[in-house]
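The values are calculated or read from the model by the stated rules, or taken from the named source; none is laboratory data. This one's a predicted model, so the numbers in the text were calculated from it and none came from an experiment. Please note: Cβ atoms are built from the backbone with ideal geometry, for glycine as well, and neighbour counts cover all protein chains shown. Each accessible area value is taken on the protein alone, full model and side chains, heavy atoms only, with ligands, DNA and RNA left out. Shrake-Rupley method; radii C 1.70, N 1.55, O 1.52, S 1.80 Å.
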Amino acid sequence: VCWAGRMMLGTFSILLVLVHTAAACDFGSFPYRATGIVCRMTKPAVLLLNQETAQVIQAAFRNAKFPNITGERSMRLLGRVAYGPGNIQVNDLSIERSEVELKDDEAARVSIKNVTALFKGTLTYGYAGAWFLQLFHSVDFEIESSIDLQLNINLMCQKEQLVPDASDCYLAFHKLTLHLQGDKNPGWLKQLFTDFISFTLKLVLKREVCKEINAVTQTLTNFVLDLAADFVQDKDILVDVSLASDPVLKASYIESHHKGLVLYKNNSSVLSDSVFSPSLLTESRMLYFWLSEHSLSSLAAAAFLDGRLVLNLRGEKLQELFEMEDTEEQRKAVQMIFQGTSYNDSVAKVWSLSQPQISLQPEGTVVRSLVAVEVSILPSGEEPLVALYMEKEITVTIQATYADKKLILQPVDSSVEIKVFKCTADPSGEDPSVQSFLQNMILVAGIPEVSSSIGSALTSLMNSKRLDLFDIINPEIITNE
């Protein structure tokens, strides 16, 4: 199953999650055989996310810690002069443009052009004269700067998890101009400190800004990885999103492969024969998610074992189910089944008797399941009376759509084979009005309700999590054989 869509996120964090990694983990000779989930981000999506890079760079500059710097210099007649700029802050930061470049089997290169920033601080200096006269002064200063920044972003694999490395960081200074307070100080003072402060600030900027960018990169990546893990976890059911092979970096896309194993109460599914191949995904959309048949089937199995494939209907819902049509035949059948009892005093229970079997076909996702339906009448002060019980084998083809940040599963084709039928109103199972009505009810309303029960269990993981963080626009969901 592929999701292809356009994704917008307020940082370039996902870019950092998916970039090329050094071969620090050993995945064996068959890297795709354990792949249950794949994410492919194509070059247009990378370029789109790169538009938000400025936010990360600005955060790195503003969060960088500039320590107080001290130095000493010998001056004729004045003796030794001690000085140190402190309280350095960044103001008026702007970025002209950001570019990203992908090359086959290399790191992702992000080039930030013309970062202009105004650094402000206080310069404290003092000197001992020839007659042991000690004087101390302080003056505010500003430094205008123009800097180019280049990042070569790699991810290393540690314990089957992605660890970002943005330490390959370079700063090139086009401008670094010192202005002392009002520029009223003697020229010798400005000349004395300009070279020192400029040289020192270059070193500090490179060390602190690059260190901060690396820290922000790791923080963002950990956030995305934690979000991904939380995204596919619901109570006792979770999906292992650790790496199944090294990520792939091509000039046109970035791709990561994950295990996609379903864990339920410390029991894990096993996948060793994945059918994934890079040729299954194209590059016509910005973002693709590929989910294996094994991962989907394992989710269905976990939902079944956790008792989630159960649907209870009563009151208005039950009335809607049994009064789809206002016909004489329908009214007669309902009267026979419910024996005059109101819908509020009745309940219909639909549940899966066995683990649903899922297969991916070109026409859609085919789900086969043995389903039981039980309608009970609840007379006041008496034991519940089972008015209707059926077991039916259902085969339904489901197509997926995406709207309003929700994955929607819609049955498009179905078949029903009744295995067991018991009805107090029709013990022989031969009353045509009851049989016709029930058959129609199953086809028109029953299967959507049953598939909705199965589907809600499978989609609750992704529909209930933090989808407010991004939008998927105009997706195409494709089923591959």
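Worth a mention:
- Residues located in segment 249-278, provided they are among the β-branched types (V, I, T) and either farther than 21 Å from R40 by Cα or buried (at least 19 other Cβ atoms within 10 Å of the Cβ) (or both): I254, V262, V270
- Contact annotation: residue pairs with Cβ atoms under 6 Å, 6 or more positions apart or on different chains, pairing a residue in segment 293-310 that is under 13 Å from D234 (Cβ atoms) with a partner that is assigned to a helix (DSSP H, G or I) and among the aliphatic types (A, V, I, L, M), are L299/L458; A303/A457; R308/A457.
- One residue stands out among those in segment 394-426 that are over 23 Å from L291 (Cα atoms) and basic (K, R): the one that is least open to solvent (accessible area, probe 1.4 Å), which is K419.
- Selection status of S369, surrounded by 20 or more Cβ atoms within 10 Å (Cβ to Cβ), in contact (Cβ under 8 Å) with a residue 12 or more places away in the chain and under 42 Å from the mean Cα position of the chain (by Cα): yes
- Only listed residue being out of contact with any Lys or Arg (no Cβ under 8 Å at 6 or more places or on another chain) and modelled with pLDDT of 80 or more, chosen from P186, P247: P247
- Pairs, first outside the structural domain of I197 (by the TED database) and over 11 Å from F61 (Cα atoms) in segment 82-98, second at pLDDT 85 or above and open to solvent by 50 Å² or more (accessible area, probe 1.4 Å), C-beta under 8 Å, six or more apart: none
- Boolean, A348 is at pLDDT below 80, more than 30 Å from L238 (Cβ to Cβ) and among the aliphatic types (A, V, I, L, M): no
- Given (1) of a type in the set (G, A, S); (2) over 20 Å from K317 (Cβ atoms); (3) buried (at least 21 other Cβ atoms within 10 Å of the Cβ), number of the condition S359 does not satisfy: (3)
- Members of segment 311-327 that are in contact (Cβ under 8 Å) with a residue 60 or more places away in the chain and surrounded by fewer than 15 Cβ atoms within 10 Å (Cβ to Cβ): E320, M324, E325
- Scanning segment 375-393 for residues that are in a strand (DSSP E or B) and surrounded by fewer than 20 Cβ atoms within 10 Å (Cβ to Cβ) yields a total of 6.
- Of the helices (runs of 4 or more DSSP H) lying entirely inside segment 1-116, none contains at least 3 residues that are of a type in the set (S, T, Y) and modelled with pLDDT of 70 or more.
- Test result for A333, over 42 Å from the mean Cα position of the chain (by Cα) and open to solvent by less than 60 Å² (accessible area, probe 1.4 Å): yes
- Tally, over segment 342-356, of residues that are among the polar types (S, T, N, Q) and either closer than 22 Å to H294 by Cβ or crowded, with 16+ Cβ neighbours inside 10 Å (or both): 4
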